[in-house]
Amino acid sequence: MYGGSTEDCVLQFDNSLIGVIYDKFGENTKMKRLNNDVCAATVKVQVSPTFWGWLFQFPEKMKISSPENLVEEYKIRCEKICK
């Protein structure tokens with residue numbers, strides 16, 4: 001429906017977004033606390049404009065930490081937005 005490949009993706013996010021992650025990826029999503037403020041979760045994403053739009057709703061509170069190809073694409077998209 002949305003196009004794009006499906007990939008495992010590690011998202012790092014502010015603890016305030018735990019509910020958002022559960023809403024998007026399900027209540028059984030496993031998370032790891034990285035420190036008092038940040039968690040990480042490995043999730044399957046369909047890499048599409050819909051995914052990028054969803055991710056960019058959370059500036060400064062969520063980022064991709066893996067795989068490297070998505071990290072690089074995220075950086076490129078951020079740079080394009082700032083131009």
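Quick notes
- Region 51-76 - residue that is touching a residue at least 24 places away in the same chain (Cβ under 8 Å) and among the hydroxyl-bearing types (Ser, Thr, Tyr) and, of those, nearest to residue 20 (Cα to Cα): 65
- Counting only helices (runs of 4 or more DSSP H) that fall entirely inside the chain and contain at least 3 residues that are touching a Gly at 6+ places or on another chain (Cβ under 8 Å) and surrounded by 12 or more Cβ atoms within 10 Å (Cβ to Cβ), no element qualifies.
Here, each number is a calculation from the coordinates, and none is a lab measurement. This one's a predicted model, so the numbers in the text were calculated from it and none came from an experiment. Note that we place each Cβ from the backbone using ideal geometry, even for glycine, and neighbour counts take in every protein chain shown.
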